[in-house]
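The values are calculated or read from the model by the stated rules, or taken from the named source; none is laboratory data. What you are looking at is a predicted structure, and each value in this text was computed from that prediction instead of being measured. Heads up, the Cβs are rebuilt from the backbone with ideal geometry, glycines too, and the neighbour counts pull from every protein chain shown.
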Amino acid sequence: MKISIVTPFYNEEDSLEEYFEAVEAVLTEYDYEIVCVEDGSNDNTLIGLIKRQQESSRIRIVELSRNFGKEAALTAGLAECHGDGVIIIDADLQDPPSLIPSMIEKWKGGADVVLAQRRSRDADSFMKRLSAEWFYKIYNKFADQPIPENVGDFRLMDRKVVDIVNSLGESNRFMKGILSWPGFTAEFIEFERPNRIAGETKWNYRKLFQLSADGIFAFSTVPLRLAMIIGLISSATALVYAVYTIIKTILSGIDVPGYASLLVVSLTLSGIILICLGFIGEYLGRIYNEVKGRPIYVVKKLHKPRDNN
Ligand code: UDP
Ligand code: MG
């Protein structure tokens, strides 16, 4: 039973040493490989990885041609790994490698997916906690396959799950959704998420918002239906009001005032129409991206370990 560790690296030169120490320390008893995806860093990450590879025959480096983002980097890593059990873990040690042995135990005990779940988000800022909470609420209301709350990409997946994930060809890679799409039996391990050991997070609010929108529009068509529902409600209201106005006119003649109410109705409806057009635009843009069929990432070079293949 071979274990693959898949890790995306983007400007992680300062975490590199500690990462390998920690990961290799917990894996001594297993047959394993470490697949490092170098996501177009502009620091010395690649040099560090290559140096590390010269000391170990278990490290494979997938060097991407530029920065494609974490989601694409993970896609590349999953495509290039060979293990029967695959573990995705961050380079900054915010996903504690000490959980790996118990993940493997649960997998051997029959779980197809073992998810690491954050016990609390105390370390995060108030805004980040609030936005995360709302994201999960909205996403899980809309999407066909809910994603468990406070579970990141840190997880173990059986080969059969990885094969399915690899066969999903969409270029919109919302990994949280893609990874949970296959389903299978999942087990959880709780953990406390530490802070980064070095460097800075690559996510800001703009990117997080973008990611959430990607997730919702990629895994749900509810916003489109929402447009129809709002349309139905406003048409029904309009009909009732029309009947009321006609009867009133017949009974008590024409009443000229109405400027304010007309303005309000007109503004509200145009607002709703524009929002709905925006929803359609979101889907259209995504369809455009999918239709182009561009590759999700480009491998510049595959650095294979020297002494096995
Ligand atoms: N990462 C990547 N490409 C990117 C951004 C991030 O491969 O464009 C990697 C990064 O090196 C790290 C992981 O994704 O291993 C998580 O990134 P980060 O720690 O910035 O995210 P956070 O932990 O704050 O969610
Ligand atoms: Mg991190």
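The single condition among (1) in contact (Cβ under 8 Å) with a residue 60 or more places away in the chain; (2) surrounded by fewer than 12 Cβ atoms within 10 Å (Cβ to Cβ) that Gly215 does not meet is (2). Once segment 201-225 is narrowed to residues that are more than 14 Å from ligand 1 (Cβ to nearest atom) and β-branched (Val, Ile, Thr), the residue that is nearest to Met127 (Cα to Cα) is Ile216. Within segment 1-55, how many residues are assigned to a helix (DSSP H, G or I), among the hydroxyl-bearing types (Ser, Thr, Tyr) and free of Cβ contacts under 8 Å to residues at least 40 places away in the same chain? Looking only at that region, the number is 1. Leu168 meets all of the listed conditions (1) of a type outside the set (Val, Ile, Thr); (2) more than 16 Å from ligand 2 (Cβ to nearest atom); (3) at positive phi but one, namely (3).
Looking only at residues in segment 18-42 that are exposed (fewer than 14 other Cβ atoms within 10 Å of the Cβ) and not polar (S, T, N, Q), the one that is modelled with the lowest pLDDT is Glu29.
Checking the condition more than 19 Å from the chain's Cα centre (by Cα), within 11 Å of ligand 1 (Cβ to nearest atom) and more than 19 Å from Phe154 (Cβ to Cβ), which residue from Arg66, Arg52 passes? Of Arg66, Arg52, the one residue that is more than 19 Å from the chain's Cα centre (by Cα), within 11 Å of ligand 1 (Cβ to nearest atom) and more than 19 Å from Phe154 (Cβ to Cβ) is Arg66.
Residues in segment 158-181 that are part of a loop (DSSP other than H, G, I, E, B) and either among the aromatic types (Phe, Trp, Tyr) or under 14 Å from Leu115 (Cα atoms) (or both): Phe174, Trp181. Ile89 falls short on exactly one of the conditions (1) in contact with a strand residue (DSSP E or B) (Cβ under 6 Å, 6 or more places away or on another chain); (2) away from ligand 2 (no atom under 16 Å from the Cβ), and that condition is (2).
Among what's in segment 194-211 and is outside any helix (DSSP H, G or I) and basic (Lys, Arg), pick the residue that is farthest from Phe9 (Cα to Cα).
In this case the residue turns out to be Arg196.
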